[in-house]
Structure formats: structure tokens, C-alpha cells
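The next block holds one structure in the form of C-alpha cells; read it before the comments.
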Amino acid sequence: MADAPVLVLTEGELRRNETFGRRTVNRGAVLLDCTWDGGVFESGVMVGGLFRSGTFLGGVFCGGVWLGGTWRGGAWERGFGPDGKYHPRTVHP
Amino acid sequence: MKVVLAAAHRYPDLARLWFRFVARDLLPALRSAGAEVEVVLFRDTTPEGFEPRSFPGATLLAPSFEALDAVEFHEAALERPGDVLFLLDPGVFVLDGEWVASLLGYFEDPTVAAVSLLPRAGPAGAFALLARRDVYRTLKAPVLAPSFEALERWPHAIYRQPGERAAMALRARGKKVVDGPPGASGRLADFSGATAIRIARELWGGLLGPRFETLLAERPDLAAGAYENLLLGALFRAVFGTPYAVSRGPMPFAGPGDDAHLSGSATPEELRTALAAIRDRKALQRLVAAFEGSNRALTRLAEREGLTRGALHLPPVLPRARILRARVRAAAKRLVRRN
């Protein structure tokens, strides 16, 4: 059985320069320059920062680096792939 | 010589104001200098908002498979026939077209690959770049896109801003990239922070609600961008008579008759509240210094329109008593040092 999330981020929340692990779910928060490492990104916005691992189900990815993880849905505004190269709007990893 | 002026605009109102200066102050000067000029405008995200009659003579492009966004548009612009590609950020206004035209003289030196009108040393330097097209096209694509290097060192990876890798590669080949030629002061007006806060408000401001306002107090780049929009908005209203930077989304706290002016950036009330909340005296002083630079740039723009600052009805946003105290303190310190 999958672990229940221990941290649920919600709309109206703003997080900056933090790291979120695998038992985190984002449901609407805005993350500025954060590291996402293993959780489920259901909605909200990731601005800058590093997507190290986890699942992106929905929300907006804007200007960050996608190092690894699974892209299932959402809006790719712009960002960078694991090789550091630029990926334009809609061209998600 | 053919010059291709390429600019990517996300917001039709800023594009309209920007193009007014381009058409009046830049294009005639380039043509007088003997250049053939093509203007290519990329209408990022909302092409339908750009009225062609506001951009006479310009080629208006929209996102497509050839160019999905502004970065790809810059890349695609290199493919347009011409000798010099002039990339100009949406917030950079040309006040002295003759000076810009004179910079084409740099290309008489065959080793000069580009002239950056604004120094690009900072982390987010604005693009105002005259690039020799045939030389740039010898570089491996993507030529101008930003990138990251040394990601394994995150968070200390290296960010290369647009055009930086190209400049490095060209210099390594013995080419010259002139960075910030002398005489730029007063000839350009740089409002390059104005677009970033509008994008932030559009993409994620709605999710934050009132928290966005407090973020203005914490992020000087956003506060500076908000102030730039306040100034540009005042000029836009004086010139065109309509609101500027109107929010694209619903405004939860606005009544039906409320003025939407600046709601897509930060309203004067929001900025005033944010600035009043800044407790760090030095941070506020740095912001005030940035505001003063923007004020000077606005005065020059207004002069080109035959307007005085008074005619713009700029709303006060600074906590005047605190600014006055800070200035008195600074003056007292200078006096003590002198004695």
C-alpha cells in the first residue's frame, strides 16, 4: 500500500527555496525556486527550481529544470531538460 | 545593409507603446543611415490582442511549430534574410535612433560579431543586441537560447542567459562582441522588469490571492517591475487614453465599476502597501534608487511625447516620511564624514 501523504500543499500557499520529498502532494501551492523530489504535483505552479523526481499530474511548470520524474499532464510554460537545454512552451520532457 | 528588428511581446499594450517609439525614433534614423529595415513582431500567447493598425509596416507573427515561444522566435529570426539582426526586449525603448544607427559602423570591422547596447553582465540582462547574422548562423543551434551547465552542482549550477553561450563561442573564435558601447546613457530607457511581474501575476498571482501583495515586499525585482508598470501605465494612459496592464483573469476583489488599470501588475494601492511593509531600511533604499532610475527613464520617454511628468498624474507610492528620514540620515552622515 502506498504511503499516505504527510504534507499537502494547497492554494494560497507560497513556498520558497524549500525541498519537498516523496510524501508531499501539491494541490495548488506556488513553489518558487524549490526542489521537488519524489512527491505528486497535482496542481499549482512550479516557478524555477529543480524537479528531481516524482510525478507531475497537473499545474504549471515555468522556468525550472526537469532532471527526472514522470510527466503525466499539466502546462509546460518553459524550462530546461536534464541536459540543461531549453525546452520551449508545450515541449515537456 | 539590411537590418531585421525582431521583438517578442507578450502584452499588446506594452507593444503598442514600444512600437510608437520604434516607429518615430528608431526606424527613420536607421533608414537615413542607408539601412533597409524589416520589423518582425512575435505576438506571444495572445496574438488576437494585437491590432495590426497599431503596428504599421511590421510583420506580425504568432506562435507556431517554427517558433513556439519568444526564445524560439529569436532563434527563427536568425533565419530571416538580412545582414544584422537587432533583438530588442519589449521593455527597452530607443530614445535616440541616430545613436543606434551610428552603432552599425562597428560592423565595418569584420571581426565584430555583435554590439550589445546594454551591458549584459548581470544575471538577467535585457536584450538589445545588434548581431551579425552570418557569423551567428555558423554557431550550433540553438544559438541564442538560455541554458544550464553543471547541473550536478545544483543549486550552484551555471545559468547562461540568452545569447551568452553564443558570445562566449564567438569570442573564443577571436570575434568581438562589443558589450555596452559608450554613450548609451540617456539614449535607451530600460523597463525590462515590467513584463516579468505581469507574467507572474498572470501565471500564479491568482493562486496566491492577497499573498501576492506581500511577496512584492519580499522580492525587490517584482516591486521594481510593478513600479516600472506604474510609470509606463501613466504614460500609456496619457498617450492612448485607455487603461494599461489590465488583468486577464477575474479580479476577485473588484467591483463592476472599478478601474482595472494596472490590475495585471500591481495597483498603486498594492504597491504602496507593500513598500510600507518593508522594514529593512537598506532594502528600501536600494529600491528607491532603482525607482529613481526608472523615474529618469520615464521623464525622457515623456519628453519625447511632449509631456511633462505633471501631466502624467503619477500616484505617490513611497512611504514619504521614511524616505525623508533616510535622506536626512544620509545627509547627516555625509556632513559628519566631511567634518
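The values are calculated or read from the model by the stated rules, or taken from the named source; none is laboratory data. None of the values given here were measured: they were computed from a predicted structure. Cβ sites come from the backbone with ideal geometry, for glycine too, and all protein chains shown count toward neighbours.
Annotations
- Selection count where residues are assigned to a helix (DSSP H, G or I), among the hydrophobic types (A, V, I, L, M, F, W, C) and surrounded by 10 or more Cβ atoms within 10 Å (Cβ to Cβ), scope region B:305-330: 7
- Residue match in region B:102-119 (condition: under 22 Å from B:Glu72 (Cβ atoms) and either of a type in the set (Ser, Thr, Tyr) or in a loop (DSSP other than H, G, I, E, B) (or both)): yes
- Apart from one condition, B:Gly180 fits all of (1) closer than 11 Å to B:Ser265 by Cα; (2) touching a Pro at 6+ places or on another chain (Cβ under 6 Å); the exception is (1).
- Restricting the search to strands (runs of 3 or more DSSP E) fully inside chain A and requiring at least 2 residues that are at the interface with chain B (Cβ under 10 Å from one of its Cβ atoms), under 18 Å from B:Phe148 (Cα atoms) and in contact with a helix residue (DSSP H, G or I) (Cβ under 8 Å, 6 or more places away or on another chain) gives A:60-66, A:75-80.
- Look at region B:93-115: where a residue is in the same structural domain as B:Arg16 (by TED's automatic domain parsing) and within 15 Å of B:Ala131 (Cβ to Cβ) and a partner is part of a loop (DSSP other than H, G, I, E, B) and at pLDDT 95 or above, sitting 6+ places away or on another chain with Cβ atoms under 6 Å, you get B:Thr111/B:Lys175; B:Ala113/B:Lys175.
- Cross-chain or 6+ apart pairs with Cβ under 6 Å, region B:159-178 first and assigned by TED's automatic domain parsing to the domain that holds B:Pro142, then surrounded by fewer than 16 Cβ atoms within 10 Å (Cβ to Cβ): B:Lys175/B:Thr111; B:Lys176/B:Thr111
- Given (1) closer than 26 Å to B:Leu235 by Cα; (2) free of Cβ contacts under 8 Å to residues at least 12 places away in the same chain; (3) not in a helix (DSSP H, G or I), index of the condition B:Ala126 fails: (2)
- Exclusive hit being more than 23 Å from B:Leu298 (Cβ to Cβ), modelled with pLDDT of 95 or more and either touching a Phe, Trp or Tyr at 6+ places or on another chain (Cβ under 8 Å) or crowded, with 23+ Cβ neighbours inside 10 Å (or both), set B:Ala166, B:Ala223, B:Ala172: B:Ala166
- Applying the set (1) surrounded by fewer than 22 Cβ atoms within 10 Å (Cβ to Cβ); (2) within 21 Å of the chain's Cα centre (by Cα) to B:Val115 leaves exactly one unmet item: (1).
- Filter result for B:Phe107 (closer than 24 Å to B:Ala35 by Cα and either more than 23 Å from the chain's Cα centre (by Cα) or buried (at least 17 other Cβ atoms within 10 Å of the Cβ) (or both)): yes
- Any chance B:Pro142 is under 17 Å from B:Asp89 (Cα atoms), within 12 Å of chain A (Cβ to nearest Cβ), at pLDDT 95 or above and surrounded by 17 or more Cβ atoms within 10 Å (Cβ to Cβ): no
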